[in-house]
Amino acid sequence: MSTVTTPRPAGVRRLAADRPRPRPASRRGAILPSVVLVLGALYCLVPVVWVLVASTKSSSELFSTFTFLPGTGLVENLGDLFAYGDGQYAQWALNSLVFAGVGAVACTLVSTMAGYALAKYDFPGRQVAFYAILGGVLLPGITLAIPQYLLMSKIGLAGTYWSVLLPCLISPFGIFLARVYAVSAVPTETMEAARIDGANDARVFVSVALPMMVPGMVTIFLLQFVGIWNNFLLPFIMLSDERMYPLTVGLYTLLSKGSGTPSLYSLAIIGSAVAIIPLVAMMLVLQRYWRLDLISGGLKG
Amino acid sequence: MSAVTDPPTLAYRRARRRWGAPFLFLLPAALLFVAFLAIPIGYAIYLSFRGMRMAGGGPFGVRQETWVGLDNYVAAFTDPELLAGLGRLAIYGIIAVPLTLGLALTFALLLDLPRVRGARFSRTAIFIPYAVPGVVATLLWGFLYLPSTSPGTWVLERVGLGGLDVLHGPMLFPAVANIAIWGGVGFNMIILYTSLRGIPADVYEAARLDGASEWDIAYRIKIPLVAPALVLTGLFALIGTLQVYGEPTTLRPMTSEISQTWVPLMMIYRDAFTRDNLSLAAASSVALALGTLVVSVILLRLTQKRSFGES
């Protein structure tokens, strides 16, 4: 995100200082926004901090000591978590990683190719394809999960890894973003020049267009990765074997079983804490590569 | 001379090339689209017109699957539970959507102000919940709501007041909506913020020279200019609201007030998997999807902002 911030011209500040308006007013104007923003930040951080603190407490401390006071049970909780059900938690984490990683990479490639074709070629049916994708963007994907399950069970795929992975490979929104990005990032003249040099369409795409589209692809990858990682209903419907669950469904079953059993509460808490850390870390590291202006950029056409 | 002879050659090449290649590029997406979007939709529509009927009559009639016309739709729309679920969805949406967008727009405008301290920290912090899966977010908030683990209760008990149970009674709707708001503000804020950053700064300079306050600039210039992004985020917030499922489902073990049919999607799930009434579930799914499409198209038409580029 820092890459898209354009510095304001220095002149603005000087002009503001020259203005007859009294200075205290403008200074107050800068403090109030900061306070509101910090309050927003606290609102967003408190639950995360809470779960990190609560994950250090033993089950007895959980209900007795002050909520934001760290406890002494972190090591024990971690041990319990990874020992639960013969290491099911690690298995869930691995499943999530496979679903999100493989799904997002494949989806990004599929979306990039489709978006590039829609942006850079004129062919019969282009408009139809575009409206089909638009319809797909507006359609609540989740209402598809039940018919998808029924069809998957007809061909015997329900309950397999494929039943969760395959539906994640198509993202109308990803194609939409890829199209927006290809329009702005891949100049037609460059493609023509490569063609004149004798490159065929595949080569133009791989050697000319693809490198130019990398920032857009990273954005699509991250959006899709987070989307699959956070998905609940699809794996919940498709899978029945607990060992194949991703983290979301696994933690849900942990909590359902744990209602009324405080020891499973602390398991769900440490499980949530550990589930959050990798994704938050990934976001913090990769946020500079996010080109979310793509989403709004597509609006101006 | 070459200027005269070259274009036809290029045009010829273009015409020849631009048939096969784009279809090949689109092929994987098209196959996946057909397999996992078009066919399931078609199948759901087909199922929604089918149902089990007694054939043969008398005590020895057999139940068999047949066409039942709009019966499933009639059954869905006259079911008080589905209507109540839609009502609950409406209350939830009326709380969640405007607050998500309002907070996102407020934070985006504040971040875009000159001379704001700690903007980077706040921006990152507000964006963090986006990385937290809905189910995990619900677990976090659920524990914060639950009287036995809530810091609110801890404080209230120390000052001599009883515990506050937001998971029962009228606070339930804001409590569930809060989870969605918490998870959605950051992402929407970033979309709005990046589109604010896309506005050239000299647009504001003239206004500042004319003595416009930052409030005037935000209200008269920035908000109208980011209106298309606002429409888009509103649309996604709305679509997200209509398919709320994970949050109330995850909260169920913590409160008795969330029934199996609390929102339409939960009811669809129950009809399909607990009651084995696939036709009714399909009819409700199709109705919900159609409703979403209609609402989205109306919203786009009303705002008339060419929000998707190609008009």
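What is the number of the single condition among (1) at the interface with another protein chain (Cβ under 10 Å from one of its Cβ atoms); (2) within 30 Å of A:L239 (Cα to Cα); (3) surrounded by fewer than 18 Cβ atoms within 10 Å (Cβ to Cβ); (4) touching a helix residue (DSSP H, G or I) at 6+ places or on another chain (Cβ under 7 Å) that A:D122 does not meet? In the conditions (1) at the interface with another protein chain (Cβ under 10 Å from one of its Cβ atoms); (2) within 30 Å of A:L239 (Cα to Cα); (3) surrounded by fewer than 18 Cβ atoms within 10 Å (Cβ to Cβ); (4) touching a helix residue (DSSP H, G or I) at 6+ places or on another chain (Cβ under 7 Å), A:D122 misses (2) alone.
If a residue has to be modelled with pLDDT of 80 or more and either aliphatic (A, V, I, L, M) or not in a loop (DSSP other than H, G, I, E, B) (or both) to count, how many in region B:45-64 make the cut? Total meeting the criteria: 6. Filter region A:86-108 down to residues that are without any contact (Cβ under 8 Å) to a residue 12 or more places away in the chain and assigned to a helix (DSSP H, G or I) and give me whichever is surrounded by the most Cβ atoms within 10 Å (Cβ to Cβ). Top of the filtered list is A:L97. In region B:217-234, the residues that are touching a residue at least 12 places away in the same chain (Cβ under 8 Å) form Cβ pairs under 8 Å with partners that are of a type in the set (K, R), at six or more places apart or across chains, as follows: B:I217/B:R208; B:A227/B:K305; B:P228/A:K300; B:P228/B:K305; B:P228/B:R306; B:V231/B:K305. Residues in region A:207-261 that are touching a residue at least 24 places away in the same chain (Cβ under 8 Å) and not in a helix (DSSP H, G or I) were compared, and the one that is surrounded by the most Cβ atoms within 10 Å (Cβ to Cβ) is A:P246. Return yes or no: is A:G159 among the small types (G, A, S), in contact with a helix residue (DSSP H, G or I) (Cβ under 8 Å, 6 or more places away or on another chain) and buried (at least 20 other Cβ atoms within 10 Å of the Cβ)? No: the conditions fail for A:G159.
Just to be sure I understand, how many residues within region A:188-202 are surrounded by 13 or more Cβ atoms within 10 Å (Cβ to Cβ) and either of a type in the set (G, A, S) or more than 11 Å from every other protein chain (Cβ to nearest Cβ) (or both)? Give the steps one after another, and end with the answer.
Within region A:188-202, the subset surrounded by 13 or more Cβ atoms within 10 Å (Cβ to Cβ) is A:190-195, A:199, A:201.
From the residues that got through so far, the ones that are either of a type in the set (G, A, S) or more than 11 Å from every other protein chain (Cβ to nearest Cβ) (or both) too are A:190, A:193-194, A:199.
Counting residues in region A:188-202 that are surrounded by 13 or more Cβ atoms within 10 Å (Cβ to Cβ) and either of a type in the set (G, A, S) or more than 11 Å from every other protein chain (Cβ to nearest Cβ) (or both) gives 4.
Output the residues belonging to region A:203-237 that are more than 12 Å from chain B (Cβ to nearest Cβ) and polar (S, T, N, Q). Answer for region A:203-237, where residues must be more than 12 Å from chain B (Cβ to nearest Cβ) and polar (S, T, N, Q): A:S207, A:Q224.
Taken over region B:178-195, residues that are closer than 16 Å to B:V136 by Cα, in contact with a Gly (Cβ under 9 Å, 6 or more places away or on another chain) and facing another protein chain (nearest Cβ under 8 Å) amount to 0. Between A:F205, A:F221, the distinction of being closer than 19 Å to A:Y289 by Cβ, among the hydrophobic types (A, V, I, L, M, F, W, C) and at pLDDT 90 or above belongs to A:F221 only. Determine if region B:196-205 includes at least one residue that is under 21 Å from A:G40 (Cα atoms) and among the aliphatic types (A, V, I, L, M). Yes, the conditions are met somewhere in region B:196-205.
Taking region A:133-184 as the range and being touching a Ser or Thr at 6+ places or on another chain (Cβ under 6 Å), within 7 Å of chain B (Cβ to nearest Cβ) and free of Cβ contacts under 8 Å to residues at least 60 places away in the same chain as the test, the residues that pass are A:L138, A:P140, A:T143. Quick check on region B:245-260: of everything there that is facing another protein chain (nearest Cβ under 9 Å) and among the β-branched types (V, I, T), which residue is farthest from B:V295 (Cα to Cα)? For region B:245-260, the residue satisfying everything is B:T250. Can you find a residue that is surrounded by 20 or more Cβ atoms within 10 Å (Cβ to Cβ), more than 24 Å from B:A96 (Cα to Cα), of a type outside the set (D, E, K, R) and within 8 Å of another protein chain (Cβ to nearest Cβ) anywhere in region B:219-234? Looking through region B:219-234, none of the residues is surrounded by 20 or more Cβ atoms within 10 Å (Cβ to Cβ), more than 24 Å from B:A96 (Cα to Cα), of a type outside the set (D, E, K, R) and within 8 Å of another protein chain (Cβ to nearest Cβ). When B:G142, B:G169 are checked against the criterion of being within 20 Å of A:L267 (Cβ to Cβ) and either at pLDDT 80 or above or in a helix (DSSP H, G or I) (or both), a single residue qualifies: B:G142. Residues of region B:93-109 include none that is in contact (Cβ under 8 Å) with a residue 24 or more places away in the chain, within 30 Å of A:Y265 (Cβ to Cβ) and not in a helix (DSSP H, G or I).
The values are calculated or read from the model by the stated rules, or taken from the named source; none is laboratory data. Everything numeric in this text was worked out from a predicted model, so none of it was measured. Don't worry about glycine lacking a Cβ; one is built from the backbone with ideal geometry, like all the others, and counts go over all protein chains shown.
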